[in-house]
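Here the structure comes first, spelled out in structure tokens, and everything after it is commentary.
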Amino acid sequence: MTTSTFDGRPGVLDRRGRALRDLRISVTDRCNFRCTYCMPAEVFGRDYAFLPHSEVLTYEEIRRLAAIFVDLGVGKLRITGGEPLVRKALPDLIAMLAQLRTPEADPVDLTLTTNGSALRPLARPLADAGLRRITVSLDSLDDATFRRMNGVDFPVTKVLDGIAAAREAGLAPIKVNMVVKRGENEASVVPMARWARDEGLVLRFIEYMDVGTANGWRLDDVVSAAEIVAAIDAELPLQAVEANYRGEVAGRWRYRDDSGEIGVIASVTQPFCGDCTRARLSAEGKLYTCLFSAVGTDLRAPLRSGASDEDLRAILERVWAARTDRYSELRTEATSHLPRVEMFALGG
Ligand code: SAM
Ligand code: SF4
Ligand code: SF4
């Protein structure tokens, strides 16, 4: 393996010169929420067929694949879903992944994205298993707005209590993701900014994306990063900050009075495909090289039919080396109707 011209670390480059650095691992396609922008309840009703247990990768299978990815230069693993905390015994997987070391012998940066609904009982076991930090998705502090957006009438107080549990367990930093959708929660932008700043949480606003095909996405429903920043800046003055590292997806802004900072993930209005170093492993063991992919590469079949680590590594290298994805740079309203896998299925 050669040293990459991307960031000076060993690694494999895709056809646009991007290194493979991050892996998002979806541990389940199931979720206890029905967020309007992700799994709208009208589409994902009681009779929706989620993956049967036998088709979902076991923790040992995930660990084995993750180890090969890390060997190939991945330094950051994010556990996601669906809702990762609905999968049984998740701390067992965390304990297995926390053991992994990069080729430079560093621990991997292991994190998890959750809707926060089950964090009260699980934050401590996750931290004890080796999780260091966490991201909680929260779209509003206003209970009525939050209940409407999560689609299952889930109260905001329970997520806030989950965040408190994460803090008590020593998980840090705690990041909060807020998807902003026009007509649903723009009014929550400034109150969320104020709250996160007061609580010392790293808040990241996410432009509403045309992930999957079920959410009825329209460009008009996107509240742009520029609008979000302007709304906050009018009340809490902001200043742009340089990116921490190449491939950082969130544009960073700090409060002029030094009281903290926010991130804005502008995948619609300011695409960052040129620096996209992320691969995704779905719960059923398919590898996707873009959030908007329609097809993935099956890793479960070789895993379950005796492939060696070298065989699996060769597949990963081949898939990454052939990668040309840059969907967000090409997006139009028309492309949002192209076939693609749902976000909860491939790991948001
Ligand atoms: N269930 C977990 C959660 O909600 O945090 C993890 C999986 S979820 C698919 C990962 C992230 O994707 C969440 O922060 C969620 O808000 C975000 N997301 C889902 N649908 C989105 C959309 N249409 N546009 C932008 N972000 C979206
Ligand atoms: Fe579930 Fe997360 Fe999707 Fe909401 S965003 S429906 S919590 S997977
Ligand atoms: Fe990466 Fe695909 Fe998103 Fe572009 S559209 S940033 S290539 S995941």
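Here's how it looks for residue 24: its modeled amide H is under 5 Å from those of 78, 279, 280, 281, which are all 5 or more places away or on a different chain. For the pair residue 230 and residue 182, the difference between a 0.36 nm per residue extended length and the Cα-Cα distance amounts to 15.8 nm. Each principal axis of the stretch 128-205 carries a Cα extent, and these read 40, 25, 16 Å when sorted largest first. Using θ = phi - 60° in the Karplus curve 6.51 cos²θ - 1.76 cosθ + 1.60, the 3J(HN,Hα) couplings for the stretch 173-183 round to x, 9, 9, 10, 9, 10, 7, 9, 10, 4, x Hz; x is entered for Gly and Pro. The alpha carbon gyration tensor of the stretch 14-64 gives principal lengths a ≥ b ≥ c with a/c of 1.5 or higher and a/b no greater than b/c, which makes the shape oblate. If you take the beta carbon distance between residue 220 and residue 246 as r and set R0 to 30 Å, what does 1/(1 + (r/R0)^6) give as a FRET efficiency, to the nearest 0.05? So the FRET efficiency works out to roughly 0.40. Here the stretch 267-348 yields Rg over Rh of 1.01, to two decimals, using C-alpha coordinates and the Kirkwood radius.
Cross-link reach is defined here as a Cα-Cα straight distance under 23 Å, omitting same-chain residues fewer than 8 places apart; for residue 181 the lysines meeting it are 158. Solvent-accessible surface of the stretch 3-346, taken per residue with a 1.4 Å probe and all protein chains present: 42 Å². Spin-label model, residue 213 to residue 309: label points 7 Å out along the Cα-to-beta-carbon direction sit 3.9 nm apart. Go ahead and run the numbers for FRET between residue 168 and residue 254, Cβ-Cβ distance against an R0 of 25 Å, rounding to 0.05. Here the calculated transfer efficiency is 0.40.
Summarised in one figure, the compactness ratio Rg/Rh of the chain, Cα atoms and Kirkwood Rh, is 0.94.
For residue 286, the aspartates and glutamates whose Cα comes closer than 14 Å to its Cα, not counting residues fewer than 8 places off in the same chain, are 29, 55, 61, 298, 342.
What does the net charge come to around residue 79 if you take all other residues with beta carbon closer than 10 Å to its beta carbon, with K and R at +1 and D and E at -1?
Details: positive: 24, 78, 87; negative: none.
Residues near residue 79 contribute +3 overall.
Remark on residue 223: its backbone amide H falls under 5 Å from those of 182, 208, a criterion applied only to residues 5 or more positions apart or on other chains, H modelled at 1.01 Å from N.
Rolling a 1.4 angstrom probe over the chain with all protein chains present gives an accessible area of which 51% lies on carbon and sulfur atoms. With a Förster radius of 35 Å applied to the C-beta separation of residue 273 and residue 157, the computed FRET efficiency comes to 0.35. Restricting the count to DSSP beta bridges whose residues both fall in the chain, what percent are antiparallel, rounded to a multiple of 5? Close to 35 percent. Binning all Cα-Cα separations of the stretch 112-172 at 5 Å, short to long from zero, yields these whole-percent fractions: 4, 21, 30, 20, 12, 9, 3, 0.
Over all distinct alpha-carbon pairs, what is the Kirkwood Rh of the stretch 79-189 in angstrom? Radius from the Kirkwood sum: 14.7 Å.
The values are calculated or read from the model by the stated rules, or taken from the named source; none is laboratory data. Note that this is a predicted model, so its numbers are computed, not measured. With ideal geometry, Cβ positions are generated from the backbone for all residues, glycine too; neighbour counts draw on all protein chains shown. The protein model used for the area step is the full one, side chains on, heavy atoms only, and it has no ligands, DNA or RNA in it. Shrake-Rupley method; radii C 1.70, N 1.55, O 1.52, S 1.80 Å.
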